[in-house]
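The structure appears below as C-alpha cells.
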Amino acid sequence: MPIDVSAQDFNDKVLNSDRPVLVDFWAPWCGPCKMVAPILDELAEELGDRLTIAKVNVDHNQELAAQYGLRGVPTLMLFNGGELVSQQVGVLNKAQLRDWVEQHASEGQSG
C-alpha cells in the first residue's frame, strides 16, 4: 500500500530512502487523482519490493507543492538517491505508469 507523506517526514521517507520513491501529489477534490489511486495501489503490490509509493495531499502540504513547482494534480514525481529523476502530470494507465517507473527508477543513483 502507498504510504502517506507530509512536509514533516518528506525528507526521511522520500529523499533519504534507500530505494526509488514514486510520489503522488494529489488532492481530495481532484477527479483524475481518484482514477490514479487504484493504479498506484496495484503497482505498490506488484513493485513493493523495489519501489516505495508515497502520497502527498497538496491541500495539507502546500509548501511541498510550491517547493516542487506543482502546476496541477495529479503530479507524479520519481525520486531516487534523494534526487528528482522524472515527473509526469496527469493520468497514465497502468502499463504507461509501470513503463515510466521502470525506465527512470535506476536514474539518480550514485555509484
For residues in the range 1-31 being in contact with a helix residue (DSSP H, G or I) (Cβ under 7 Å, 6 or more places away or on another chain) and in a loop (DSSP other than H, G, I, E, B), which is nearest to residue 70 (Cα to Cα)?
27
Taking the residues in the range 19-70 that are in contact with a strand residue (DSSP E or B) (Cβ under 7 Å, 6 or more places away or on another chain) and among the charged types (D, E, K, R) as candidates, determine which candidate is farthest from residue 3 (Cα to Cα).
19
Of the residues that sit in the range 38-59 and are without any contact (Cβ under 8 Å) to a residue 12 or more places away in the chain and not acidic (Asp, Glu), which one is nearest to residue 79 (Cα to Cα)?
48
Can you tell me which residues in the range 14-31 are surrounded by fewer than 18 Cβ atoms within 10 Å (Cβ to Cβ) and within 18 Å of residue 79 (Cβ to Cβ)?
15, 16, 17, 18, 19
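None of the figures in this text is laboratory data; all of them are computed from the coordinates on show. Computed from a prediction, not measured in an experiment: that's the story for all the values here. Reconstructed Cβ throughout: ideal geometry from the backbone, glycine too, with neighbour counts over all protein chains shown.
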